Amino acid sequence: MTKQFWRLPLAGIACAAFIAPAQAQAQVRDAVYRGTLVCGNLPFAQDPTRAAIEVKLTGNEGPYERPVHMPIRTKIAGKETGTAKVDGDKISLTGGWKSEKDSYEAAYSGPFVRRSAKLTGTQTWTHDGKSFTRTCTGAIQRPLAAFLPKEKKKSGQ
């Protein structure tokens, strides 16, 4: 019977080896993701079809923003803002933008693959009382884990 006691510590070590990587994988998504969204043209504007996007994830959610160019390419009219939510390996972004006479609601979603996500979605615009919908695609990516900020240890640890 005493010969089998050595198995118990080995079983604990084996369990810890499987649990630790899963926890580390969940925590590594906490980062700032940057990328680009490419959207279709609007009939009333010369806005660029490509714009930067930034998503700040902490836990399973966080804010996102991207610039809105209206009515000409060189002028930034504001920022589209919204919320990103992660459910398993899927991310969903919902938000919008509003000015005095123009506005839109946006929804994008897509799968996570390692340290990036591919996004597809739509923007539903209101301009001069008319509604326009355009599709968007793009991707966001976080830096390699080695380049993420390190967590600060609390004093006394």
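At full extension, residue 58 and residue 135 could sit 25.0 nm farther apart than now, given 0.36 nm per residue minus the alpha carbon distance. Distance from the Cα centroid of the range 36-58 to that of the range 113-139 is 8 Å (rounded to whole angstrom).
Net charge of the neighbourhood of residue 96, taken over other residues with C-beta under 9 Å away and scored Lys/Arg +1, Asp/Glu -1, is -1.
With K and R counted +1 and D and E -1, the other residues having a Cβ less than 13 Å from that of residue 54 yield a net charge of +3. Of the listed residues 113, 68, the order by accessible area with a 1.4 Å probe, largest first, is 113, 68.
The values are calculated or read from the model by the stated rules, or taken from the named source; none is laboratory data. Keep in mind it's a predicted model, so treat the numbers as computed, not measured. Virtual Cβ from ideal backbone geometry, glycine too; neighbours counted across all protein chains shown. Just the protein is used for accessible areas: all its heavy atoms, side chains included, with ligands, DNA and RNA removed. Shrake-Rupley method; radii C 1.70, N 1.55, O 1.52, S 1.80 Å.
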